[in-house]
């Protein structure tokens, strides 16, 4: 039996949801994927998944979209210490170089605070930006995706990240 992954995005983040669907299709041979629209979810059952993937864009001056701010309190009391979490974020390093894909770091910080193990880090050297919320070892805490901005690399980056997170999900 395949392990289950909850893939959390918002139907209001159309491009984030599209990237989530692409990733879901890539992972279908390895995992059973339950796509969850956080706009329609009350959070019940999320902690029961051993693996979570979430996607979010960064809004304004490096903030989470309001739908994440509304969803996260519904799972505030959950213990994610047995959960591996992979995060992808949509951004545009040319138009928003000062807070490039900050949503990745914000979600990682929230889930780490609740015990989760964050997987799928990506080195910052592959991106050109001014500032971002990333780890001390110069790695994003997930995959930045410049969907529809970087027409040559985003699909390859998603495919490479898919391989990486499959390996990391499967590590004991």
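Let's see how each residue does on (1) buried (at least 17 other Cβ atoms within 10 Å of the Cβ); (2) modelled with pLDDT of 95 or more; (3) not in a helix (DSSP H, G or I):
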{"position": "86", "(1), (2), (3)": "yes, yes, yes"}
{"position": "89", "(1), (2), (3)": "yes, no, yes"}
{"position": "100", "(1), (2), (3)": "yes, no, yes"}
{"position": "110", "(1), (2), (3)": "yes, yes, no"}
{"position": "133", "(1), (2), (3)": "yes, no, yes"}
{"position": "136", "(1), (2), (3)": "no, no, yes"}
{"position": "151", "(1), (2), (3)": "no, no, yes"}
{"position": "164", "(1), (2), (3)": "no, yes, no"}
{"position": "172", "(1), (2), (3)": "no, no, yes"}
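Residues that are farther than 16 Å from residue 145 by Cα and within 15 Å of the chain's Cα centre (by Cα) within the range 70-101 comprise 71, 72, 83, 84, 85, listed in sequence order. Residues in the range 28-46 that are in contact with a helix residue (DSSP H, G or I) (Cβ under 6 Å, 6 or more places away or on another chain) and either on the phi > 0 side of the Ramachandran plot or in contact (Cβ under 8 Å) with a residue 60 or more places away in the chain (or both): 30, 43.
For the residues 96, 49, the requirement of being in contact with a strand residue (DSSP E or B) (Cβ under 8 Å, 6 or more places away or on another chain) and either closer than 22 Å to residue 17 by Cα or without any contact (Cβ under 8 Å) to a residue 24 or more places away in the chain (or both) singles out 49. Filtered by the rule that a residue be part of a loop (DSSP other than H, G, I, E, B) and over 26 Å from residue 59 (Cα atoms), the range 5-43 gives 28, 29, 30, 31.
The values are calculated or read from the model by the stated rules, or taken from the named source; none is laboratory data. Because the structure is predicted, anything quoted here is derived from the model rather than measured. Note that we place each Cβ from the backbone using ideal geometry, even for glycine, and neighbour counts take in every protein chain shown.
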